[in-house]
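Quick notes on the structure that follows.
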Amino acid sequence: MSAVLRLVDVHRVHGEGEAAVRALRGVSFTAHAGELVAVMGPSGSGKSTLLTISGGLDQPTEGRVEVEGVDVVGLSQQQRARMRRTSIGYVFQGFNLVPALTAVENVALPRELDGVRSGQARRDAMRALEEVGIPELADRFPDDMSGGQQQRVAIARAVVGERRLILADEPTGALDTETGEEILRLLRARCDAGAAGVLVTHEARHAAWADRVVFLRDGVVVDESGSAPVEDLLQASHP
Amino acid sequence: MSVKHALLSLLEQEPMYGYQLRQEFESRTGGTWPLNVGQVYTTLTRLERDGLVEAAGEDEDGHERWRLTESGHEEVATWFTTPVARTQPPRDELAIKLALAVTVPGVDVGTLIQRQRSASMTALQDYTRLKRQAGASGEASDLAWGLVLDSLVFAAEAEIRWLDHCEARLRRAATQEVPATAAAAAEQVTR
Ligand SMILES: Nc1ncnc2c1ncn2[C@@H]1O[C@H](COP(=O)(O)OP(=O)(O)OP(=O)(O)O)[C@@H](O)[C@H]1O
Ligand SMILES: [Mg+2]
(Lines give C-alpha, C1' and ligand atoms only; values in the text may rest on other atoms or scores of the structure.)
(Ligands and ions follow the chains in the order given, each with its own letter.)
Protein backbone atom coordinates (compact mmCIF):
# COMPACT_ATOMS: atom_id res chain seq x y z
CA MET A 1 0.00 0.00 0.00
CA SER A 2 1.47 3.37 -0.97
CA ALA A 3 0.90 6.75 0.61
CA VAL A 4 -1.14 8.95 -1.73
CA LEU A 5 -1.14 11.85 0.71
CA ARG A 6 1.55 12.62 3.27
CA LEU A 7 1.74 15.58 5.60
CA VAL A 8 4.89 15.86 7.70
CA ASP A 9 4.95 18.20 10.69
CA VAL A 10 2.72 20.76 9.00
CA HIS A 11 2.12 24.16 10.60
CA ARG A 12 -0.23 26.87 9.36
CA VAL A 13 -0.33 30.29 10.95
CA HIS A 14 -2.90 32.81 9.72
CA GLY A 15 -1.95 36.47 10.18
CA GLU A 16 0.96 37.84 12.18
CA GLY A 17 1.94 39.08 15.65
CA GLU A 18 -0.83 39.58 18.16
CA ALA A 19 -3.57 38.55 15.76
CA ALA A 20 -1.84 35.34 14.58
CA VAL A 21 -4.01 32.22 14.59
CA ARG A 22 -2.16 28.92 14.70
CA ALA A 23 -4.62 26.76 12.76
CA LEU A 24 -2.30 23.73 12.54
CA ARG A 25 0.53 23.03 14.96
CA GLY A 26 2.72 20.17 13.78
CA VAL A 27 0.29 17.81 12.07
CA SER A 28 1.61 14.60 10.51
CA PHE A 29 -0.90 12.62 8.54
CA THR A 30 -0.97 9.93 5.88
CA ALA A 31 -3.69 8.51 3.63
CA HIS A 32 -2.83 5.38 1.67
CA ALA A 33 -4.27 4.07 -1.58
CA GLY A 34 -7.44 2.15 -0.80
CA GLU A 35 -7.92 3.91 2.50
CA LEU A 36 -10.67 6.23 3.70
CA VAL A 37 -9.63 8.40 6.65
CA ALA A 38 -12.09 10.51 8.62
CA VAL A 39 -11.10 13.71 10.41
CA MET A 40 -13.19 14.82 13.36
CA GLY A 41 -12.90 17.73 15.75
CA PRO A 42 -14.76 20.72 17.14
CA SER A 43 -15.40 23.82 15.07
CA GLY A 44 -12.17 25.78 14.58
CA SER A 45 -9.89 22.83 15.32
CA GLY A 46 -8.27 23.08 11.87
CA LYS A 47 -10.10 20.45 9.81
CA SER A 48 -10.73 22.61 6.73
CA THR A 49 -7.20 24.01 6.94
CA LEU A 50 -5.82 20.47 6.92
CA LEU A 51 -7.89 19.67 3.85
CA THR A 52 -7.13 22.82 1.83
CA ILE A 53 -3.41 22.33 2.48
CA SER A 54 -3.68 18.67 1.43
CA GLY A 55 -5.35 19.74 -1.80
CA GLY A 56 -2.76 22.39 -2.63
CA LEU A 57 -5.32 25.18 -2.24
CA ASP A 58 -3.42 26.66 0.69
CA GLN A 59 0.26 26.57 1.63
CA PRO A 60 1.70 25.44 4.96
CA THR A 61 3.77 27.96 6.95
CA GLU A 62 6.11 25.07 7.72
CA GLY A 63 6.32 21.36 6.91
CA ARG A 64 6.03 19.02 3.93
CA VAL A 65 3.00 18.05 1.85
CA GLU A 66 3.33 15.21 -0.65
CA VAL A 67 0.73 13.93 -3.09
CA GLU A 68 1.81 10.66 -4.69
CA GLY A 69 5.38 11.36 -3.68
CA VAL A 70 5.45 14.85 -5.24
CA ASP A 71 6.25 17.77 -2.95
CA VAL A 72 3.25 20.05 -3.51
CA VAL A 73 4.85 23.05 -1.82
CA GLY A 74 7.67 23.09 -4.34
CA LEU A 75 5.41 23.13 -7.39
CA SER A 76 4.73 26.20 -9.50
CA GLN A 77 1.22 27.70 -9.48
CA GLN A 78 0.55 26.08 -12.83
CA GLN A 79 1.80 22.64 -11.86
CA ARG A 80 -0.23 22.76 -8.69
CA ALA A 81 -3.38 23.75 -10.57
CA ARG A 82 -2.84 20.87 -12.94
CA MET A 83 -2.42 18.41 -10.09
CA ARG A 84 -5.62 19.69 -8.49
CA ARG A 85 -7.57 19.12 -11.68
CA THR A 86 -6.25 15.70 -12.54
CA SER A 87 -5.42 13.83 -9.33
CA ILE A 88 -7.45 15.52 -6.64
CA GLY A 89 -11.21 15.63 -6.18
CA TYR A 90 -12.34 18.26 -3.71
CA VAL A 91 -15.76 18.72 -2.08
CA PHE A 92 -15.89 22.15 -0.45
CA GLN A 93 -17.70 22.88 2.77
CA GLY A 94 -19.76 25.46 0.85
CA PHE A 95 -20.15 23.49 -2.45
CA ASN A 96 -18.47 26.19 -4.63
CA LEU A 97 -20.53 25.46 -7.74
CA VAL A 98 -20.34 27.87 -10.68
CA PRO A 99 -23.77 29.56 -10.72
CA ALA A 100 -23.73 30.24 -14.46
CA LEU A 101 -23.24 26.57 -15.34
CA THR A 102 -25.77 23.73 -15.17
CA ALA A 103 -25.20 20.71 -12.94
CA VAL A 104 -23.69 18.59 -15.71
CA GLU A 105 -21.51 21.50 -16.90
CA ASN A 106 -20.23 22.03 -13.37
CA VAL A 107 -19.27 18.37 -13.12
CA ALA A 108 -17.72 18.28 -16.60
CA LEU A 109 -15.65 21.45 -16.04
CA PRO A 110 -12.55 19.88 -14.43
CA ARG A 111 -12.45 17.25 -17.20
CA GLU A 112 -12.68 19.87 -19.94
CA LEU A 113 -10.05 22.06 -18.30
CA ASP A 114 -7.84 19.04 -18.45
CA GLY A 115 -8.27 18.70 -22.19
CA VAL A 116 -10.80 15.88 -22.33
CA ARG A 117 -13.06 16.44 -25.37
CA SER A 118 -16.35 17.98 -24.39
CA GLY A 119 -18.51 15.05 -25.54
CA GLN A 120 -16.48 12.65 -23.41
CA ALA A 121 -16.39 15.10 -20.47
CA ARG A 122 -20.16 15.35 -20.61
CA ARG A 123 -20.59 11.57 -20.66
CA ASP A 124 -18.25 11.22 -17.67
CA ALA A 125 -20.20 13.93 -15.89
CA MET A 126 -23.53 12.24 -16.57
CA ARG A 127 -22.22 9.00 -15.13
CA ALA A 128 -21.00 10.77 -11.99
CA LEU A 129 -24.43 12.41 -11.61
CA GLU A 130 -26.03 8.97 -11.88
CA GLU A 131 -23.73 7.71 -9.14
CA VAL A 132 -24.91 10.42 -6.77
CA GLY A 133 -28.52 9.74 -7.74
CA ILE A 134 -29.54 12.93 -9.59
CA PRO A 135 -29.19 12.38 -13.36
CA GLU A 136 -32.54 14.09 -13.88
CA LEU A 137 -31.12 17.38 -12.59
CA ALA A 138 -28.31 17.53 -15.15
CA ASP A 139 -29.61 20.67 -16.90
CA ARG A 140 -30.61 22.62 -13.79
CA PHE A 141 -28.65 25.60 -12.50
CA PRO A 142 -27.36 25.55 -8.90
CA ASP A 143 -29.71 28.34 -7.79
CA ASP A 144 -32.68 26.19 -8.80
CA MET A 145 -31.63 23.24 -6.65
CA SER A 146 -32.02 22.42 -2.96
CA GLY A 147 -28.97 22.44 -0.69
CA GLY A 148 -28.80 18.65 -0.67
CA GLN A 149 -29.00 18.51 -4.48
CA GLN A 150 -26.22 21.09 -4.87
CA GLN A 151 -24.16 19.07 -2.47
CA ARG A 152 -24.58 15.98 -4.60
CA VAL A 153 -23.47 17.91 -7.70
CA ALA A 154 -20.38 19.01 -5.77
CA ILE A 155 -19.67 15.38 -4.87
CA ALA A 156 -20.14 14.25 -8.46
CA ARG A 157 -17.62 16.90 -9.53
CA ALA A 158 -15.13 15.58 -6.98
CA VAL A 159 -15.36 11.95 -8.08
CA VAL A 160 -15.61 12.40 -11.87
CA GLY A 161 -12.73 10.79 -13.78
CA GLU A 162 -9.95 8.82 -12.18
CA ARG A 163 -9.11 10.75 -9.04
CA ARG A 164 -6.39 9.30 -6.86
CA LEU A 165 -7.14 11.52 -3.89
CA ILE A 166 -10.63 12.58 -2.83
CA LEU A 167 -10.88 15.31 -0.21
CA ALA A 168 -14.34 15.99 1.19
CA ASP A 169 -15.19 18.74 3.70
CA GLU A 170 -18.51 17.92 5.39
CA PRO A 171 -19.95 16.33 2.23
CA THR A 172 -23.03 15.10 4.05
CA GLY A 173 -23.88 18.36 5.82
CA ALA A 174 -27.06 19.20 3.91
CA LEU A 175 -28.22 15.62 3.34
CA ASP A 176 -30.75 13.47 5.19
CA THR A 177 -29.48 10.26 6.81
CA GLU A 178 -30.38 7.97 3.91
CA THR A 179 -28.78 10.18 1.24
CA GLY A 180 -25.81 10.81 3.50
CA GLU A 181 -25.28 7.08 3.75
CA GLU A 182 -25.42 6.69 -0.04
CA ILE A 183 -22.66 9.28 -0.38
CA LEU A 184 -20.56 7.39 2.15
CA ARG A 185 -21.13 4.19 0.18
CA LEU A 186 -19.92 5.99 -2.94
CA LEU A 187 -16.79 7.37 -1.25
CA ARG A 188 -16.15 3.97 0.29
CA ALA A 189 -16.46 2.27 -3.11
CA ARG A 190 -14.00 4.74 -4.67
CA CYS A 191 -11.49 4.02 -1.92
CA ASP A 192 -12.03 0.27 -2.17
CA ALA A 193 -11.25 0.68 -5.88
CA GLY A 194 -7.87 2.20 -4.99
CA ALA A 195 -8.29 5.93 -4.33
CA ALA A 196 -7.30 7.54 -1.04
CA GLY A 197 -10.05 9.50 0.67
CA VAL A 198 -10.08 12.08 3.45
CA LEU A 199 -13.45 12.92 4.91
CA VAL A 200 -14.06 15.78 7.34
CA THR A 201 -17.26 15.27 9.29
CA HIS A 202 -19.05 16.13 12.51
CA GLU A 203 -21.11 12.97 12.33
CA ALA A 204 -19.75 9.91 14.09
CA ARG A 205 -22.02 7.61 12.06
CA HIS A 206 -20.38 8.84 8.85
CA ALA A 207 -16.86 8.80 10.24
CA ALA A 208 -17.48 5.15 11.10
CA TRP A 209 -17.30 4.27 7.39
CA ALA A 210 -13.62 5.15 7.44
CA ASP A 211 -10.73 2.80 8.08
CA ARG A 212 -9.24 5.31 10.52
CA VAL A 213 -10.62 8.24 12.42
CA VAL A 214 -8.25 11.08 13.30
CA PHE A 215 -9.22 13.46 16.10
CA LEU A 216 -8.07 17.09 15.84
CA ARG A 217 -8.00 19.53 18.76
CA ASP A 218 -6.68 23.10 18.46
CA GLY A 219 -4.59 22.23 15.41
CA VAL A 220 -3.05 19.07 16.86
CA VAL A 221 -3.85 15.38 16.19
CA VAL A 222 -4.73 14.02 19.62
CA ASP A 223 -5.75 10.47 18.81
CA GLU A 224 -6.65 7.93 16.17
CA SER A 225 -9.07 5.06 16.19
CA GLY A 226 -9.29 2.07 13.89
CA SER A 227 -6.83 -0.34 12.41
CA ALA A 228 -3.45 1.01 11.38
CA PRO A 229 -2.34 -0.35 8.01
CA VAL A 230 0.51 -2.81 8.28
CA GLU A 231 2.94 -0.44 6.59
CA ASP A 232 2.31 2.17 9.28
CA LEU A 233 3.20 -0.28 12.02
CA LEU A 234 6.48 -1.01 10.30
CA GLN A 235 7.37 2.61 9.60
CA ALA A 236 7.71 3.48 13.30
CA SER A 237 6.64 7.03 12.56
CA HIS A 238 5.83 7.62 16.21
CA PRO A 239 8.67 9.33 18.04
CA MET B 1 -33.89 -7.62 28.58
CA SER B 2 -37.05 -9.68 28.98
CA VAL B 3 -36.15 -13.29 28.13
CA LYS B 4 -39.68 -14.24 29.09
CA HIS B 5 -41.31 -12.04 26.47
CA ALA B 6 -38.76 -12.87 23.81
CA LEU B 7 -39.52 -16.59 24.16
CA LEU B 8 -43.28 -16.06 24.30
CA SER B 9 -43.24 -14.01 21.12
CA LEU B 10 -41.18 -16.63 19.28
CA LEU B 11 -43.79 -19.25 20.27
CA GLU B 12 -46.45 -17.01 18.76
CA GLN B 13 -45.03 -18.07 15.39
CA GLU B 14 -45.18 -21.84 16.01
CA PRO B 15 -44.47 -24.46 18.73
CA MET B 16 -40.72 -24.90 19.30
CA TYR B 17 -38.33 -26.78 21.58
CA GLY B 18 -35.81 -25.20 23.97
CA TYR B 19 -32.65 -25.26 21.86
CA GLN B 20 -34.58 -24.11 18.81
CA LEU B 21 -35.89 -21.09 20.74
CA ARG B 22 -32.35 -20.09 21.59
CA GLN B 23 -31.24 -20.39 17.97
CA GLU B 24 -34.19 -18.43 16.63
CA PHE B 25 -33.58 -15.66 19.16
CA GLU B 26 -29.92 -15.39 18.22
CA SER B 27 -30.49 -15.42 14.48
CA ARG B 28 -32.92 -12.51 14.80
CA THR B 29 -30.62 -10.43 16.99
CA GLY B 30 -27.35 -11.45 15.35
CA GLY B 31 -26.06 -13.01 18.56
CA THR B 32 -25.82 -9.53 20.09
CA TRP B 33 -27.27 -10.73 23.38
CA PRO B 34 -26.17 -14.35 23.82
CA LEU B 35 -28.74 -16.49 25.60
CA ASN B 36 -27.60 -19.67 27.32
CA VAL B 37 -29.74 -22.72 26.91
CA GLY B 38 -30.07 -23.28 30.67
CA GLN B 39 -31.68 -19.86 30.93
CA VAL B 40 -34.14 -20.88 28.23
CA TYR B 41 -35.15 -24.05 30.11
CA THR B 42 -35.60 -22.36 33.50
CA THR B 43 -37.66 -19.63 31.85
CA LEU B 44 -39.85 -22.22 30.10
CA THR B 45 -40.44 -24.00 33.43
CA ARG B 46 -41.52 -20.74 35.02
CA LEU B 47 -43.79 -19.89 32.07
CA GLU B 48 -45.45 -23.30 32.38
CA ARG B 49 -45.97 -22.79 36.10
CA ASP B 50 -47.61 -19.41 35.35
CA GLY B 51 -49.90 -21.01 32.76
CA LEU B 52 -48.48 -19.10 29.77
CA VAL B 53 -47.07 -22.11 27.88
CA GLU B 54 -47.88 -25.84 27.78
CA ALA B 55 -46.27 -28.97 26.41
CA ALA B 56 -47.10 -29.57 22.74
CA GLY B 57 -45.74 -33.10 22.42
CA GLU B 58 -42.52 -34.30 20.84
CA ASP B 59 -41.41 -33.78 17.25
CA GLU B 60 -40.12 -36.64 15.04
CA ASP B 61 -36.67 -36.40 16.63
CA GLY B 62 -38.02 -36.60 20.17
CA HIS B 63 -37.58 -32.90 21.08
CA GLU B 64 -40.13 -31.71 23.59
CA ARG B 65 -41.98 -28.76 22.10
CA TRP B 66 -43.87 -25.90 23.74
CA ARG B 67 -46.85 -23.83 22.65
CA LEU B 68 -48.67 -20.77 23.97
CA THR B 69 -51.79 -21.06 26.08
CA GLU B 70 -54.69 -18.62 25.69
CA SER B 71 -53.20 -16.33 28.36
CA GLY B 72 -49.79 -16.76 26.71
CA HIS B 73 -51.21 -15.24 23.49
CA GLU B 74 -52.71 -12.41 25.52
CA GLU B 75 -49.38 -11.74 27.23
CA VAL B 76 -47.63 -11.43 23.83
CA ALA B 77 -50.29 -9.08 22.51
CA THR B 78 -49.95 -6.90 25.61
CA TRP B 79 -46.14 -6.84 25.33
CA PHE B 80 -46.23 -5.64 21.73
CA THR B 81 -48.79 -2.92 22.44
CA THR B 82 -47.15 -1.53 25.60
CA PRO B 83 -44.18 0.86 25.37
CA VAL B 84 -40.97 -0.15 27.13
CA ALA B 85 -40.93 1.57 30.53
CA ARG B 86 -38.70 4.65 30.73
CA THR B 87 -39.54 5.64 34.31
CA GLN B 88 -36.26 4.54 35.86
CA PRO B 89 -33.24 5.55 33.74
CA PRO B 90 -31.10 2.44 33.23
CA ARG B 91 -27.86 2.55 35.20
CA ASP B 92 -25.29 4.03 32.90
CA GLU B 93 -21.75 3.30 34.01
CA LEU B 94 -20.22 5.92 31.74
CA ALA B 95 -22.48 8.74 32.95
CA ILE B 96 -21.79 7.78 36.55
CA LYS B 97 -18.05 7.58 35.90
CA LEU B 98 -17.99 11.02 34.33
CA ALA B 99 -20.10 12.55 37.10
CA LEU B 100 -17.57 11.24 39.59
CA ALA B 101 -14.55 12.16 37.48
CA VAL B 102 -15.47 15.86 37.37
CA THR B 103 -15.94 16.00 41.12
CA VAL B 104 -13.17 13.75 42.45
CA PRO B 105 -9.89 15.72 42.47
CA GLY B 106 -6.95 14.63 40.36
CA VAL B 107 -8.79 12.80 37.57
CA ASP B 108 -7.64 13.58 34.02
CA VAL B 109 -11.11 14.07 32.55
CA GLY B 110 -9.86 15.11 29.12
CA THR B 111 -8.01 11.84 28.65
CA LEU B 112 -10.92 9.87 30.05
CA ILE B 113 -13.27 11.44 27.48
CA GLN B 114 -10.88 10.92 24.57
CA ARG B 115 -10.18 7.27 25.46
CA GLN B 116 -13.90 6.58 25.67
CA ARG B 117 -14.61 8.43 22.42
CA SER B 118 -11.95 6.46 20.64
CA ALA B 119 -13.28 3.15 22.02
CA SER B 120 -16.87 4.03 21.09
CA MET B 121 -15.72 5.08 17.62
CA THR B 122 -13.96 1.75 17.13
CA ALA B 123 -17.18 -0.05 18.13
CA LEU B 124 -19.13 2.16 15.72
CA GLN B 125 -16.68 1.29 12.93
CA ASP B 126 -17.20 -2.41 13.69
CA TYR B 127 -21.01 -2.09 13.57
CA THR B 128 -20.75 -0.16 10.30
CA ARG B 129 -18.57 -2.88 8.79
CA LEU B 130 -21.17 -5.49 9.85
CA LYS B 131 -23.92 -3.35 8.35
CA ARG B 132 -22.07 -3.18 5.03
CA GLN B 133 -21.92 -6.97 4.95
CA ALA B 134 -25.44 -7.64 6.23
CA GLY B 135 -28.80 -7.09 4.64
CA ALA B 136 -27.95 -8.13 1.09
CA SER B 137 -30.24 -11.17 1.00
CA GLY B 138 -33.46 -9.41 2.03
CA GLU B 139 -34.54 -12.24 4.34
CA ALA B 140 -36.72 -11.42 7.33
CA SER B 141 -34.10 -12.44 9.89
CA ASP B 142 -31.53 -10.25 8.07
CA LEU B 143 -33.92 -7.33 8.32
CA ALA B 144 -34.39 -8.04 12.03
CA TRP B 145 -30.65 -8.12 12.59
CA GLY B 146 -30.16 -5.02 10.45
CA LEU B 147 -32.53 -3.13 12.73
CA VAL B 148 -30.68 -4.35 15.82
CA LEU B 149 -27.42 -3.15 14.25
CA ASP B 150 -28.98 0.23 13.50
CA SER B 151 -29.97 0.47 17.14
CA LEU B 152 -26.38 -0.18 18.21
CA VAL B 153 -25.15 2.40 15.69
CA PHE B 154 -27.55 5.06 17.00
CA ALA B 155 -26.61 4.30 20.62
CA ALA B 156 -22.86 4.53 19.93
CA GLU B 157 -23.40 7.72 17.96
CA ALA B 158 -25.42 9.24 20.79
CA GLU B 159 -22.67 8.36 23.24
CA ILE B 160 -20.02 10.05 21.10
CA ARG B 161 -22.17 13.17 20.71
CA TRP B 162 -22.69 13.28 24.43
CA LEU B 163 -18.92 12.99 25.01
CA ASP B 164 -18.30 15.87 22.54
CA HIS B 165 -20.89 17.86 24.44
CA CYS B 166 -19.29 17.08 27.83
CA GLU B 167 -15.90 18.15 26.53
CA ALA B 168 -17.24 21.40 25.11
CA ARG B 169 -19.00 22.22 28.39
CA LEU B 170 -15.91 21.48 30.44
CA ARG B 171 -13.77 23.65 28.18
CA ARG B 172 -16.23 26.49 28.52
CA ALA B 173 -16.36 26.02 32.27
CA ALA B 174 -12.56 26.23 32.41
CA THR B 175 -12.66 29.78 31.04
CA GLN B 176 -15.21 30.91 33.61
CA GLU B 177 -15.32 31.31 37.37
CA VAL B 178 -16.22 27.87 38.79
CA PRO B 179 -15.81 25.89 42.02
CA ALA B 180 -12.33 24.51 42.61
CA THR B 181 -12.64 20.81 41.69
CA ALA B 182 -14.72 21.28 38.57
CA ALA B 183 -12.32 24.00 37.42
CA ALA B 184 -9.37 21.71 37.91
CA ALA B 185 -11.10 18.95 35.99
CA ALA B 186 -12.02 21.34 33.21
CA GLU B 187 -8.49 22.68 33.03
CA GLN B 188 -7.22 19.22 32.30
CA VAL B 189 -9.61 18.93 29.41
CA THR B 190 -8.19 22.03 27.75
CA ARG B 191 -4.60 20.89 28.11
N1 LIG C 1 -8.00 32.91 6.28
C2 LIG C 1 -7.96 32.86 7.62
N3 LIG C 1 -7.50 33.91 8.33
C4 LIG C 1 -7.42 33.88 9.68
N5 LIG C 1 -7.79 32.82 10.42
C6 LIG C 1 -8.26 31.72 9.77
C7 LIG C 1 -8.36 31.70 8.35
N8 LIG C 1 -8.87 30.49 8.01
C9 LIG C 1 -9.05 29.80 9.15
N10 LIG C 1 -8.68 30.55 10.22
C11 LIG C 1 -8.72 30.13 11.63
O12 LIG C 1 -8.03 28.90 11.76
C13 LIG C 1 -8.68 28.03 12.68
C14 LIG C 1 -9.05 26.73 12.02
O15 LIG C 1 -10.03 26.96 11.02
P16 LIG C 1 -10.68 25.81 10.15
O17 LIG C 1 -11.53 26.44 9.12
O18 LIG C 1 -9.60 24.90 9.68
O19 LIG C 1 -11.58 25.05 11.24
P20 LIG C 1 -12.59 23.82 11.07
O21 LIG C 1 -12.08 22.76 11.99
O22 LIG C 1 -12.74 23.48 9.65
O23 LIG C 1 -13.94 24.39 11.67
P24 LIG C 1 -15.48 24.14 11.21
O25 LIG C 1 -15.89 22.84 11.84
O26 LIG C 1 -16.21 25.28 11.83
O27 LIG C 1 -15.55 24.12 9.72
C28 LIG C 1 -9.89 28.81 13.20
O29 LIG C 1 -9.56 29.41 14.42
C30 LIG C 1 -10.11 29.86 12.12
O31 LIG C 1 -10.70 31.01 12.66
MG1 LIG D 1 -14.34 23.60 8.30
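The values are calculated or read from the model by the stated rules, or taken from the named source; none is laboratory data. Note that the structure is predicted; figures quoted are calculated from it, not measured. When we count neighbours, we look across all protein chains shown, and the Cβ atoms used for this are built from the backbone with ideal geometry, even at glycine. The accessibility values were calculated without ligands, DNA or RNA, using every heavy atom of the protein model including side chains. Shrake-Rupley method; radii C 1.70, N 1.55, O 1.52, S 1.80 Å.
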Point to revise | Heavy-atom accessible surface that A and B bury in contact, both chains counted, 1.4 Å, Å² to 100 | key: 1600 Å²
**Study point:** Accessible area of A:Ser28 in the full protein assembly, 1.4 Å probe (Å², nearest 10)
**Key:** 70 Å²
Review point. Which whole-number percentage describes the relative contact order of chain B, with Cα contacts under 8 Å and a sequence gap of 6 or more?
Key: 21 percent
Exercise for review: Scan chain A and report its longest stretch carrying no GluC sites (Glu not before Pro) that are both in a DSSP loop and have at most 13 other Cβ atoms within 10 Å.
Suggested key: A:17-161
Review point. What's the average, rounded to a whole number, of partner chain beta-carbon atoms within 10 Å of each residue's beta-carbon in B:154-166?
Key: 2
**Study point:** Cα centroid of segment A:168-210 to Cα centroid of segment A:13-36, whole Å
**Key:** 22 Å
Check your understanding: Measuring from centroid to centroid over Cα atoms, what is the spacing of segment B:146-160 and segment B:57-120 in Å?
Key -> 13 Å
Exercise for review: Please go through segment B:2-91 and write out the trypsin sites (Lys or Arg not before Pro) that DSSP classes as loop and that have at most 14 other C-beta atoms within 10 Å.
Suggested key: B:Arg86, B:Arg91
Review point. Rounded to the nearest whole Å², what accessible area per residue is found for the protein assembly as shown with the 1.4 Å probe?
Key: 52 Å²
Check your understanding: Can you give the relative contact order of chain A as a percent, counting alpha carbon pairs under 8 Å and 6+ residues apart?
Key -> 28 percent
Check your understanding: Expressed as a whole percentage, what fraction of the accessible surface of chain B belongs to carbon and sulfur atoms when a 1.4 Å probe is rolled over the protein heavy atoms?
Key -> 53 percent
